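Visitor: One structure, pasted below without further comment.
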Amino acid sequence: MSKNIWNDIEKTKTMEFSKGYIKYLDLSKTERLCTKYSIKLAKEAGFIEYDKNIKLKEGDKVYLVNRDKSVIFAHIGKDDILNGINIVASHIDSPRLDLKPNPLYEDLELAMVKTHYYGGIKKYQWTSIPLSLIGTVVKQNGEKIDVSIGEGEDESVFTVTDLLPHLAADQMKKTMSEAFTGEDLNALFGSLPSDNEEESVKDNIIKLIKEKYDFEEEDFVSAELMLVPAFKAKNVGLDSSFVGAYGQDDRVCAYTSLKAILDLKNPDKTSVCYLADKEEIGSMGSTGTKSRFFETFIAHLIKSQKGDYNELYLKDTFANSKCLSCDVTVGYDPNYKSVCEANNSAYMGAGICICKYTGARGKSGTSDANAEFVAEVRKIFNKNNVKWQIAELGKVDQGGGGTVAQYIANLNIETLDCGVPILSMHAPFEIASKADIYMGYLAYKAFMEN
């Protein structure tokens with residue numbers, strides 16, 4: 001029997017939904033940009049920035065941003081918050097090439113920049129493609145300068161060069177991990193010499209930076225600059241049934257969970273959408289899920305609604321709460337069947353995917369959701385006509401991966417992984433089915449409503 005759900009869903013709504021998602025991808029290529037655009041959409045839906053001096057009531061919609069790189073949205077429900085909240089949590093960081101603190105150098109009269117890759121990548125995929133430079137530079141006086149080069153139609157882009165096949169005999173004898181090392185991922189930055197013959201190409205680049213962006217070479221030290229694919233999100237397939245783009249892990253779940261809370265009407269329980277940073281490198285740091293940001297925000301919600309706060313209130317709220325960890329999973333790829341087990345794989349166009357556990361090999365690094373909670377989510381999806389499937393992340397001994405689920409579950413919150421399957425995960429151009437994207441939205445909305 002076919003697992004394809006296209007004939008069981010509203011095709012027009014599904015296709016229309018993807019248009020907003022494609023725009024979201026193009027405007028959200030870094031976590032800072034994603035946070036900014038998500039807040040813009042939330043404000044248009046009536047959300048306001050959280051103010052600890054205002055007592056929250058049923059129906060209020062607020063958000064709190066964390067260092068411009070993660071954000072939480074909350075829609076206050078009818079029920080006492082101590083009876084628990086419904087949470088959908090995604091991450092908004094994606095693999096990329098970060099510029100090193102001292103990136104700029106010259107070799108063979110070419111200006112180059114050194115990078116340090118962020119997250120798990122196949123390094124060869126990041127060579128010979130157009131790259132945009134996006135990020136923020138903070139000067140010594142605290143002034144912030146936003147940088148974006150390569151996103152405009154007529155703007156220059158950057159690239160990491162590769163070796164021509166005619167001279168690559170030795171290179172192609174190496175394994176993939178040996179042929180391309182992290183230190184090889186240096187991007188081409190320019191070649192024009194200065195008008196002053198005593199100055200180098202690098203000197204001229206520094207002058208251009210000063211003229212166009214008003215920062216010095218030393219300011220690279222306090223900058224967050226990253227190279228990301230310069231191409232736009234696209235419809236894929238003759239029937240346009242897929243979306244292809246950079247950063248769908250995990251902005252596909254970020255957008256669908258955000259849209260779900262923005263469209264939520266009169267929820268019984270307070271509902272929360274958490275868009276976090278740093279998942280691709282272990283959720284560490286002040287903007288990752290391991291930080292106390294989420295706990296602090298929920299503590300504020302408790303105090304605002306109860307009039308006072310104590311630690312027992314927070315613990316009771318968490319114990320009664322439910323969470324979907326909204327992160328992508330691997331789609332079963334006809335080109336690479338050997339890494340998956342057919343009976344427990346996520347099929348493209350077969351609906352949103354539940355993963356009871358992720359982790360690696362012996363379930364290392366996973367929360368392994370309780371059967372009772374899986375049954376509860378399954379019931380909600382079936383009742384609301386959400387098309388879903390259940391899968392593992394590849395064969396048992398093949399490898400694996402993790403999500404933010406374990407960190408939220410550690411707070412004593414019932415948590416289950418639930419995300420969109422994609423192909424070419426962590427590549428510069430990832431693929432998702434529009435049917436699965438739309439089911440993600442319906443699934444997260446049904447979960448918060450029920």
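Visitor: Which value in Å is the Kirkwood Rh of region 28-84 over different Cα pairs?
Guide: 12.3
Visitor: Provide Rg over Rh for region 130-253; use the alpha carbon set for both Rg and the Kirkwood Rh (inverse mean inverse pair distance). Could you put the intermediate results ahead of the total?
Guide: Details: Rg = 18.6 Å, Rh = 17.8 Å.
Taking Rh as the inverse mean 1/r over Cα pairs, Rg/Rh reads 1.05.
Visitor: Excluding residue 74 itself, calculate the net charge of residues whose Cβ lies under 10 Å from the Cβ of residue 74, where each Lys or Arg counts +1 and each Asp or Glu counts -1.
Guide: Summing Lys and Arg as +1 and Asp and Glu as -1 gives 0.
Visitor: Let me ask you something else. Of all accessible surface on region 33-101 at a 1.4 Å probe, what whole percent is carbon and sulfur?
Guide: Exposed carbon and sulfur together represent 50 percent of the surface.
Visitor: Would you mind checking which residues have amide H under 5 Å from residue 390's amide H? H placed 1.01 Å from N; only 5 or more apart, or other chain.
Guide: When sequence neighbours closer than 5 places are left aside, the close amide H contacts are 354.
Visitor: Of the accessible area of region 193-292, with the probe set at 1.4 angstrom, what percent is carbon plus sulfur?
Guide: Details: 2060 of 4310 Å².
Reported share for carbon and sulfur atoms: 48 percent.
Visitor: With angles folded into 0 to 90 degrees, how steeply does helix 31-44 sit against the dominant principal axis of the chain? Use alpha carbons for both and round to 10.
Guide: Computed tilt is about 50 degrees.
Visitor: Evaluate 2.2 N^0.38 Å with N set to the residue count of region 378-450, then give the Cα radius of gyration divided by it.
Guide: Here the Cα radius of gyration is 1.25 times the empirical estimate.
Visitor: Helix 371-383 against the longest principal axis of the chain: what's the angle in degrees, Cα atoms only, rounded to the nearest 10?
Guide: Long axis of 371-383 versus the principal axis of the chain: about 90 degrees.
Visitor: Within 12 Å, Cβ to Cβ, of residue 374, how many net charges do the neighbouring residues add up to if Lys/Arg are +1 and Asp/Glu are -1?
Guide: -1
Visitor: Mind grabbing the base-10 log of I(q)/I(0) for region 247-398 at q = 0.14 Å⁻¹? Debye formula, identical points on the C-alpha positions, no solvent, two decimal places.
Guide: -0.88
Visitor: For region 281-324, place one equal point scatterer on every Cα, skip the solvent, and apply the Debye formula. What is log10 of I(q)/I(0) at q = 0.15, 0.19, 0.22, 0.33 Å⁻¹?
Guide: Here log10 of I(q) over I(0) equals -0.43, -0.65, -0.80, -1.11.
Visitor: Now a separate question. Give me the one-decimal Kirkwood hydrodynamic radius in Å for region 92-182, with the sum taken over alpha-carbon pairs.
Guide: Roughly 15.5 Å, rounded to one decimal.
Visitor: Per q in 0.07, 0.11, 0.12 Å⁻¹, report the Debye log10 I(q)/I(0) for the chain, using one uniform scatterer on each alpha carbon and no solvent.
Guide: Treating every Cα as an identical point scatterer, log10 I(q)/I(0) equals -0.37, -0.89, -1.04.
Visitor: Could you quote the convex hull projected area for region 165-236, Cα atoms only and averaged over all directions, in nm²?
Guide: Mean shadow area of the hull around the Cα atoms is 9.4 nm².
Visitor: Another question, then. Please compute the net charge surrounding residue 322, taking Lys and Arg as +1 and Asp and Glu as -1 over other residues with Cβ under 9 Å from its Cβ.
Guide: -1
Visitor: Separation of region 91-123 and region 149-172 by C-alpha centroid, Å?
Guide: 13
Visitor: Find the cysteines in the chain that fail to meet the 4.7 Å Cβ criterion with every other cysteine, and list them.
Guide: Result for the chain is 34, 273, 323, 340, 353, 355, 418, no neighbouring Cys Cβ within the cutoff.
Visitor: Among 180, 373, what's the order by accessible area (1.4 angstrom probe), most exposed first?
Guide: So the residues, ranked largest to smallest area, are 180, 373.
Visitor: To continue, here is another question. So which of 61/379; 139/232; 3/232; 265/434; 43/259 end up more than 19 Å apart, counting from Cα to Cα?
Guide: In this structure, 61/379; 139/232; 3/232; 265/434 exceed 19 Å between Cα atoms.
Visitor: In addition: Show me, bin by bin at 5 Å from 0, the whole-percent P(r) of region 139-197 based on Cα pairs.
Guide: In whole percents, the pair-distance histogram is 4, 11, 13, 15, 14, 16, 13, 7, 5, 2, 0.
Visitor: If each DSSP helix of 4+ residues adds -39,500 (n - 2.57) and the sum is divided by the residues in the chain, what number results at 222 nm, nearest 500 deg cm²/dmol?
Guide: Theoretical 222 nm ellipticity from helices: -8000 deg cm²/dmol.
Visitor: Also: Over region 308-383, with every protein chain in place, what whole percent of the accessible area is carbon and sulfur at 1.4 Å, could you tell me?
Guide: 47
Visitor: Probe of 1.4 angstrom, ligands and nucleic acids ignored: what's the accessible area per residue over region 322-450, in square angstrom?
Guide: 40
Visitor: Can you tell me the orientation of helix 201-213 relative to the chain, as the angle in degrees between its alpha-carbon axis and the longest Cα principal axis, to the nearest 10?
Guide: The angle comes out near 40 degrees.
Visitor: Given the C-alpha centroids of region 382-450 and region 297-319, what is the distance between them in whole angstrom?
Guide: Comparing the Cα centres of region 382-450 and region 297-319, I get a distance of 28 Å.
Visitor: Do you know the relative contact order of the chain, to the nearest whole percent, from alpha carbon pairs under 8 angstrom that are 6+ apart?
Guide: It comes to 23 percent, rounded to a whole number.
Visitor: Follow-up question, since we're still on this one. Using DSSP, restrict attention to beta bridges with both residues in the chain and report what percent are antiparallel, rounded to the nearest 5.
Guide: Numbers: 55 of 78 bridges.
Once the DSSP bridges in the chain are tallied, antiparallel ones form about 70 percent.
Visitor: Hey, what D do you get for region 1-133 in µm²/s if you plug the Kirkwood alpha-carbon radius into Stokes-Einstein at 25 °C and 0.890 mPa s?
Guide: My calculation gives 128 µm²/s for D.
Visitor: Let me ask something else about it. Write down the accessible area per residue of region 31-121 in Å², having rolled a 1.4 Å probe over the full set of protein chains. Walk me through the numbers on the way to the answer.
Guide: Numbers: 3930 Å² over 91 residues.
Value returned for region 31-121: 43 Å² of accessible area per residue.
Visitor: Where only protein heavy atoms count, and the probe is 1.4 Å, what is the accessible area per residue for region 156-247 in Å²?
Guide: Using a 1.4 Å probe on heavy atoms only, each residue of region 156-247 averages 61 Å².
The values are calculated or read from the model by the stated rules, or taken from the named source; none is laboratory data. This structure is a prediction, so every number in the text was calculated from the model and none was measured. Every residue, glycine among them, receives a Cβ derived from its backbone with ideal geometry; neighbour counts consider all protein chains shown. For accessibility, only protein heavy atoms count, side chains too; no ligands or nucleic acids. Shrake-Rupley method; radii C 1.70, N 1.55, O 1.52, S 1.80 Å.
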